[in-house]
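Okay, structure first, notes after.
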Amino acid sequence: MVSRTADALRICGRENEAMRTRGWMVMALVVLCTPGCASVVHGRTQLIAITSEPSGADVFLDEQQVGVTPLQLDVSRRPPHVLRFEKEGFAAQNIALKRGTSALLIADVAYAANPMAAQGLDDPSQWPGLIVQALAFLIGIDYLTGAAFTLPAAINATLQRKR
């Protein structure tokens, strides 16, 4: 009788360990396949309306000509950018695109703190470590792709006549 009980406990212990291992593998797969919220919602680029006074100015993005005002330009959110406006008879003007931080990073925090992610943890003390790992992963993806940033929706350059 004791032997059967010990065997049953050993089998249950192995099954519980296998379930915990599967739970961790499923959770890791979900986290690895889920990009940060900002990456999903608004992506790595942003459309910016670019105008100038007077219109017809050549526009350069990071020293490469991209068009003539007025235009719409799809710009990567990740690196900092500088727009330059040039028009004959007018002084060139540089405008640095100011990046802000996306409010969607709050969604990353909400996702990381999801209580459903705690299913299968051996001990509640593991929960904070899991949250930190999920936050680092989700926010890290948004920063690496540039989705953590926002750019101005419109830029208008007022060019000054040369003297």
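Each value in this text was obtained by applying a stated rule to the coordinates, not by laboratory testing. Remember, it's a predicted structure, so these values are computed and weren't measured experimentally. FYI the Cβ positions are ideal-geometry reconstructions off the backbone, even for glycines, and counts take in every protein chain you see.
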Cut-off under 5 Å, modelled amide H: who pairs with residue 66 long-range: 59, 60, 61
In Hz, Karplus ³J(HN,Hα) per residue of region 52-63 (6.51, -1.76, 1.60; θ = phi - 60°; x = Gly, Pro): 8, 10, x, 6, x, 7, 6, 10, 10, 10, 6, 6
Summed residue charge, Cβ within 14 Å of residue 83's Cβ, Lys/Arg positive, Asp/Glu negative: -1
